[in-house]
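In what follows, a structure is listed as structure tokens, so that the remarks can point back to it.
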Ligand code: AMP
Ligand code: GLY
């Protein structure tokens, strides 16, 4: 069969790599993919905002299944659109994608269905927001409602910082702002928890801890994610039950009462406070770099899982995992998450020698005249599976020393909370 994958990051390369192992697959297309997917799939440059062009290509090439990696097309309704033309798509529809597209939609769902989350208020203008802020305890968290690639969140230590956040959001820094969210700061440790869903049932799809800050010791600015390890050190069977019973199940029930069913990956961004889970946010996709960290542990044929989800037959599939631990380090362009130079050659990729249980996933890369160039902020992901997180990290760092790419940097302390 033929599969099309939408997206161009490390997550999509990891999905491609996993699908490649299936004997069901004849051909893979990536829209638009990166230099890594180019070795496995046909990269197709198409405007991802133009659903009609995507549909025409899929029908013309007789692609049997489309997998949507990133949130933007999901939130914009690509699944509903393609399904109108009888195209099989793995991903949630537009109603369900509001879980990521609108923080306020999710907060209201939490309130209605008693899902534990930070206490919050929703405000429509600067004055009301500032008045509420005056009475708040600090730190407090201020969020834009829209999709903002993780950038529309301010942790404010005092009223002055809070007022700046309110001004920036209502002045349109993250697009037209009709609402703003002020919420209680939760002090705990973050964890990413994943399920895969077929509209009727769901199965767990692993846990991980991402490292979102750019500098070692979790300092500096927020990024898309500098590295991750799986499973999360916080997960135990008691906590897992709480996550499923207090968060995942009521969310799916709530969605179905609102007329939506959930098909696709669901990513719960949680704050764990004294072994109690609180929902910070939902994402309607796999995490990046969590996907690169988790998928190498999957033993079951990924395409069979995707098809089972599209056919509401996930109950017929046993999802099997390796018991090994996984760690991923992301290599970024110097300057990220602020300005960085593009089109910098990555010269020594061939110096990375991958053994069993070692993986290299490309993110912001492009191939020209057989040379590989960095074109994005996050560029490469190195992943190793091992019985020991420390060995996994050392293996990756050895590879990165061999790469010795002067245009990039990475955090050497990924996994520091599990590696003594
Ligand atoms: P979000 O985009 O909602 O995931 O927020 C981005 C980051 O801000 C999260 O990964 C957390 O590190 C932090 N954050 C968001 N909400 C809270 C909260 N209520 N309490 C503490 N930290 C938060
Ligand atoms: N790793 C964070 C995200 O994918 O949103």
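Since every read-out is calculated from the coordinates, none of them should be taken as a lab result. Predicted, not measured: the structure shown is a model, and the values here were computed from it. Methodologically, a virtual Cβ is constructed for each residue, glycine included, from the backbone with ideal geometry; neighbour enumeration extends over all protein chains shown.
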- request: Measure off 7 Å from each Cα along the Cα-to-Cβ vector at residue 420 and residue 258, then give the distance between these two points in nanometres to one decimal.
  value: 4.5 nm
query: Name the residues of segment 184-216 whose amide N is less than 19 Å from a point 7 angstrom out from the Cα of residue 274 along the C-beta direction?
result: 184-191
query: So how far apart, in nm, are the two label points at residue 158 and residue 323 if each is 7 Å from Cα heading toward Cβ?
result: 5.4 nm
statement: Taking 90-101, 258-269, 216-227 and ranking on average Cβ neighbours within 10 Å, highest first, one gets 90-101, 258-269, 216-227
Residue order, fewest to most beta carbons within 10 Å, for 82, 298: 298, 82
FRET efficiency estimate (nearest 0.05) - Cβ-Cβ, residue 348 to residue 94, R0 56 angstrom: 0.80
- request: For every helix of n ≥ 4 consecutive DSSP H residues, a contribution of -39,500 (n - 2.57) applies; sum these over the chain, divide by its total residues, and give [θ] at 222 nm rounded to the nearest 500 deg cm²/dmol.
  value: -7500 deg cm²/dmol
task: Place the peptides 373-383, 390-400, 131-141 in order of packing, highest mean first, counting for every residue the other Cβ atoms within 10 Å and averaging per peptide.
output: 373-383, 390-400, 131-141
query: At what distance in nm do the modelled label points of residue 119 and residue 313 sit from each other, each positioned 7 Å from its Cα along Cα→Cβ?
result: 5.0 nm
task: Go ahead and run the numbers for FRET between residue 368 and residue 200, Cβ-Cβ distance against an R0 of 30 Å, rounding to 0.05.
output: 0.05
Nearest-0.05 FRET efficiency for residue 357 and residue 168, computed from C-beta distance (R0 45 Å): 0.50
- request: Could you pull the Cα extents of segment 274-420 along its three principal axes, largest to smallest, in whole Å?
  value: 48, 40, 35
task: Kindly put 362, 211, 13 in sequence by how many other C-beta atoms sit within 10 Å of each C-beta, fewest to most.
output: 211, 362, 13
field: Stretchable slack from residue 56 to residue 240, in nm (0.36 nm times residue separation minus alpha-carbon distance)
entry: 62.0 nm
statement: Eigenvalues of the alpha-carbon gyration tensor of segment 74-177, times 5 and square-rooted, give semi-axes in Å, largest first, of 32, 16, 10
query: Looking only at segment 165-208, which residues have a backbone nitrogen under 11 Å from a spot 7 Å from the Cα of residue 134 in the C-beta direction?
result: none
query: Between residue 402 and residue 111, 0.36 nm times their residue separation minus their Cα-Cα distance comes to what?
result: 99.6 nm
query: Which whole-number value in Å³ per residue fits the convex hull of the alpha carbons of the chain?
result: 142 Å³
